[in-house]
Each structure stands twice: as C-alpha cells, then as structure tokens.
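One structure below.
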Amino acid sequence: VVAAKKKTFETAIRMGVPPRAEVNSSDQVKEYLDMGVRHFSIGTDISILFNFWKREGEQIIKALQGS
C-alpha cells in the first residue's frame, strides 16, 4: 500500500498534476513534501468538527450559560 501511494503521487507530479494529500499529523507532511506534494487537505477534520457543532453546539452553549 505504501509503495502504491508513493507511486501514485510521484506519477501525478511527473505528469504535471498537482496531487493533494490528506494529512492527519505534522509527521505526514514531511513525507509528502519529500515526494514533491505541495497541497494538503484537512477536510475530514473540518467536516467532523462542522457536523459535531451543528449537532451539539446549541446544547453546549446552553450548558455553558447554565440553562
């Protein structure tokens, strides 16, 4: 899997297609930078947070206000 991932990113870069990597930690950024990747996505995290606050935000605000 690791070899296939590396080959996919390197092939995209070689063909002029700037790939975007989903990163979960700063440790992963260096790995991708070393491959030539310059675009990163944290969309999964943003989506999780958005959905949490959409679902729970009002109740958390009420709890903080003592309601």
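Among the protein heavy atoms of the chain, carbon and sulfur supply 60% of the accessible surface, probe 1.4 Å, non-protein parts ignored.
To the nearest 20 debye, what charge dipole does the chain have about its Cα centre, counting +1 at the Cβ of each Lys and Arg and -1 at the Cβ of each Asp and Glu? List each step's numbers first, then the result.
Values: 10 positive and 8 negative charges, 45 e Å.
Using Cβ point charges on Lys, Arg, Asp and Glu, the chain gives about 220 debye.
Other residues whose C-beta falls under 13 angstrom from the C-beta of Ile48 contribute a net charge of -1, scoring Lys and Arg +1 and Asp and Glu -1. Positive-end ranking of Gln28, Leu49, Gly16 along the dipole of the chain, with charges on Cβ about the Cα centre, is headed by Gly16. Per residue, the solvent-accessible area of the chain (1.4 Å probe, heavy atoms of protein chains only, all protein chains present) comes to 82 Å².
The values are calculated or read from the model by the stated rules, or taken from the named source; none is laboratory data. These numbers were taken from a predicted model, which means no experiment stands behind them. In this analysis, Cβ positions are derived from the backbone assuming ideal geometry, glycine residues included, and neighbour counts consider all displayed protein chains. Please note that ligands, DNA and RNA were not included when accessible areas were found on the heavy atoms of the full protein model with its side chains. Shrake-Rupley method; radii C 1.70, N 1.55, O 1.52, S 1.80 Å.
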